Amino acid sequence: MTPIAGGAALNLAFGFSILTVISLIFYTRSGDQRLFLVGQRLSLTISFFVFIATFILSYQLMISNFDIDYVARYTSLETPIMYKISAMWAGQSGSLLFWLFILSIFATITVIQNQNKHHGLMPWVIITLAVIQMFFLVLTNFVTNPFMPTDADFVVANGNGLNPLLQNVTMAIHPPTLYLGYVGFSVPFAFAFSALMNKDTSSLWIQSIRRWTLVAWLFLSIGIILGGWWAYQELGWGGYWAWDPVENASFMPWLTATAFVHSIIIQEKKDMLRVWNMVLIILTFTLCIFGTFLTRSGVMSSVHSFTASALGPIFLSFVFIIMIVSFGLMYIRKNDLRSPRKMESFTSRESGFLFNNMVFVVMCFAVFWGTLFPVFSEAVRGTKITVGPPFFNQINIPIGLILLALTGIGPLLAWRKTSKESLIRNFTFPILSGLVGAAIFLFLGYKGYVVISLSLCVFVTATIFTEFARGIKARTNKFNESIFVALWRMVSKNRSRYGGYIVHLGIVLMFVGFTGHAFDKEKEFSLTVGESDHVAGYEFELIKMSEAERANHYAWISELRVTDHSGQFITNLRPEKRVYFHKNPDVNRRQPHSELDIYSTMNKDIYSIFSAVDNENGIAFIKIMVNPLVRWVWIGGYILVFGTMIAMWPRKES
Amino acid sequence: MQSNKKFMVMIGGVIAVVIFWIGWVSSNPADEKAMATFVSVEQLLDDNINKRTKLGGLVKDGSIVISETNYLDCTFILKEGHTELAVKYDKTRPDLFKDGAEVIVTGQYLDGTFYADELQTKCASRYEGDLRDENAYNLTEIDT
């Protein structure tokens, strides 16, 4: 019964999405206020039925109703309750419904928030959102329905169960945060589209979406970082980023969105770059949809290998339709998009922003190129050539370093034109610090990119500190405040600016962490109890091996005593080899899994994997990796989140 | 107007540099592991391709042999359709590597053996569970 209700809710939502679009299009023709109100309420009704469908599916997952195909595929009676809920986004149809659910939350917020605001923009905003909802409703209604009954002529007593790799807290929250980011860009896109329809592309639409954009950007960033963190903790290859097609799929919209976050500041302040901002938001949104396509179509083989499905062509057509309609509309509106002002000088804040924007887009293109290289090479040369991480690193490291340099240079440039005197005044200290840093790193024996990257980190940090110091000094002189009061007031008066600087600081720390990758060491070896081996100056002694049967798996546990070259005790590591579904009589259905153990410090991580066990001879096969500075990446991530929160914190209404 | 033209030139210059850079890296990868050609096992054997390639296929049942002296040394037979190929791999094997697993290997073919340095397994069976696969379910069938 309830599954039918879920399906019916999706049907109704689809119907209401059509009605919303029709009534609002009539409103834009006739101007009858009643039609606008109807449209508004119809749009809330779409979301309402989507909520109902979502709650029904999550309830069915919780009570393990295996009559629903989706529930039987992704959960079993033993699945812990938390992962029963997270199974909502483990599979295809569920995750599409979940996407729709988030979109409906955002649509509801947008409609309610703007009930009495932006009357000119709202009709087309609602239409755009309703069309996106309609697209996902078509998918969940007609292509992969999450409420499909189990297609079997027997009673399903227990379900498949969730992949153990996904039974992890990070994995339960990583997809939703990424989705919040992906879906979040629908709202700025809707406003942009509406501005185009209304022939008003000045800064009005930009003001109404600034915070939305930051929220979406924040979630996308957190989603990406959590994904890396999960890969590092669970997958056991010792890294957090592999340039996998699906990772790239989330990174590309992040790059264009980051460019957008920067360039809207110029449109807000100077009413410049109208065309450019339109292009960026359209690109960002289509890349979000394209990302879903890459993840779901099976075009690319990747660790995220989802099976091929009928969704590919549908998504691709949707991407093309959005691009054609939006860019076509931009072409029609090209006269309205002409900005009234022009760039004045190369050494201005505007041109700094423009440069940074171009580099972001260039990087996005480079990632796009590498991700689709197999497709291009097959089309051109007839051979499918895949490119691996070395390719992406080679191409992106220089681009990334240019971006890092611009992070430091941009904020020091003045609007319109920077005079020679102020150029010298602003840049002397940061450049000197960078040079001193470079000298020290060269003296320590580092080479090439490592020196460039680390000294740029010093340079950028110095610029950020000068900015803060200058602001504080101005206030302490003027208002006679203490340093902390001055800092507090300065930041709260100009949240977006100083929040932005804090985000920059987070990025710098992440770059320090990325640079550490150049010094990674790894070794694989086998040990019996009492034996030991060396990796990167550390000694690993196997002191114990034990076994344990736990609720949903069986585990072999090794215990390694780690000492440094002087024999000083560092830590004990306990990586495990586990077998999930170990009671399954069919050996092939049991699933082995290596649970790793990491000893982490600011300086380096010692990463241990128990790759296999030879029970007869009591031999443990161990893989050890020593990864310097990884922790800086995560700390940088926290700072990035903190800075973004400051930047988007609402002002007191005054 | 003048300054706008300058900016256009600058933007054009940046784009030219970037296209050159991407093209250059694409044709001169710094690391030999940067690129691999995806071919079928049959194609590899027919053309005797000795550059870096990527192959996909199934692990032939019962073909995995692990060296007695070094647990990491492993050989197996990769099957794609009816074509078979011996593969040698000497690194930590993924958890899901076993008989019948769908794998992607990257490496080099030399004198009848494929020396792989990357081995990826696909885990389609649990991620997108196959409904018709009754083993997946612990079923209790009703008498009909």
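The values are calculated or read from the model by the stated rules, or taken from the named source; none is laboratory data. This structure is a prediction, so every number in the text was calculated from the model and none was measured. Here Cβ is always computed from backbone atoms with ideal geometry, including for glycine, and neighbour counts include all displayed protein chains. Accessible surface is based on the protein model in full, side chains and every heavy atom, while ligands, DNA and RNA are left aside. Shrake-Rupley method; radii C 1.70, N 1.55, O 1.52, S 1.80 Å.
For the reader, a short list of remarks on this structure follows.
- Total accessible surface hidden between B and A, rounded to 100 Å², 1.4 Å probe: 5600 Å²
- Listed by chain and number, the lysines placed with their C-alpha closer than 17 angstrom to that of B:Lys60 are B:Lys79, B:Lys88, B:Lys98, B:Lys122; residues fewer than eight positions away on the same chain are left out.
- From the largest down, the stretch A:458-520 spans 50, 19, 14 angstrom on the principal axes of its Cα atoms.
- Within the full protein context, the accessible area of A:Thr601 is estimated at about 40 Å² for a probe radius of 1.4 Å.
- Distance from the alpha carbon centroid of the stretch A:613-633 to that of the stretch A:223-265 works out to 26 angstrom.
- Applied to the stretch A:418-431, the Karplus parametrisation 6.51 cos²θ - 1.76 cosθ + 1.60 on θ = phi - 60° returns per-residue 3J(HN,Hα) values of 9, 6, 4, 4, 6, 4, 5, 4, 6, 9, 4, 4, x, 5 Hz, with x for Gly and Pro.
- Accessible area per residue, Å², the protein assembly as shown with all protein chains present, probe 1.4 Å: 45 Å²
- Debye-sum result for the stretch A:489-561 in log10 I(q)/I(0), which assumes one identical scatterer on each alpha carbon, at q = 0.24 Å⁻¹: -1.03
- When each of A:Lys577/B:Lys91; A:Lys583/B:Lys91; A:Lys384/B:Lys51 is checked by Cα-Cα distance, pairs over 20 Å: A:Lys583/B:Lys91
- Averaged over the residues of peptide A:380-388, the number of Cβ atoms from other protein chains lying within 10 Å of each residue's Cβ is 5.
- Across the stretch A:64-69, rounded Karplus estimates of 3J(HN,Hα) from the backbone phi angles (6.51 cos²θ - 1.76 cosθ + 1.60, θ = phi - 60°) give 6, 8, 6, 5, 8, 3 Hz, Gly and Pro being marked x.
- As a fraction of the 1.4 Å probe accessible area of the stretch A:420-537, surface on carbon and sulfur atoms comes out at 68 percent.
- Cα-based shape type of the stretch A:1-167, given that a ≥ b ≥ c are square roots of the gyration tensor eigenvalues and the cut on a/c is 1.5: prolate
- Radius of gyration and maximum dimension Dmax of the stretch B:32-127, Cα, Å: 12.7, 37
- Rounded to whole numbers, the Karplus 3J(HN,Hα) couplings from phi for the stretch A:82-97 are 4, 7, 5, 6, 5, 4, 3, 10, 7, x, 5, 5, x, 6, 5, 5 Hz, using 6.51 cos²θ - 1.76 cosθ + 1.60 with θ = phi - 60°, and x at Gly and Pro.
- Globularity index of the protein assembly as shown is 1.01 (Cα radius of gyration / 2.2 N^0.38 Å, N = number of residues).
- Mean-position separation - Cα centroids, the stretch A:28-67 and the stretch A:1-22, in angstrom: 7 Å
- Residues in the stretch A:393-411 that, when all protein chains are in place, have 50 Å² or more less accessible area than the chain alone would give (probe 1.4 Å): A:Gln394, A:Ile395
- With contacts taken as Cα pairs under 8 Å at a separation of at least 6 residues, chain A carries a relative contact order of 9 percent.
- Against the empirical 2.2 N^0.38 Å (N residues), the stretch A:549-602 has a Cα radius of gyration ratio of 1.54.
- Remark on A:Ser76: its backbone amide H falls under 5 Å from those of A:Gly161, A:Leu162, a criterion applied only to residues 5 or more positions apart or on other chains, H modelled at 1.01 Å from N.
- Between the amide H of A:Ser611 and those of A:Phe621, A:Ile622, A:Lys623, distances stay under 5 Å, these residues lying 5 or more places away or on another chain, with hydrogens modeled in the peptide plane.
- Accessible area ranking (1.4 Å probe, heavy atoms, ligands and nucleic acids excluded), largest first, for A:Ser194, A:Ser317: A:Ser317, A:Ser194.
- Its DSSP H runs of at least 4 residues, each contributing -39,500 (n - 2.57), put the calculated 222 nm mean residue ellipticity of chain A at -21000 deg cm²/dmol, to the nearest 500.
- Cα-Cα pairs of the stretch A:521-632 separated by more than 18 Å (percent): 50 percent
- Residues in the stretch B:64-99 occluded by at least 30 Å² - accessible area, probe radius 1.4 Å, against chain by itself: B:Tyr71, B:Leu72, B:Thr92, B:Asp95, B:Leu96, B:Lys98
- Long-range amide H partners of B:Met35 with built H, under 5 Å: A:Gly388
- Of all accessible heavy-atom area on the stretch A:1-167, the percent that carbon and sulfur account for (1.4 Å): 68 percent
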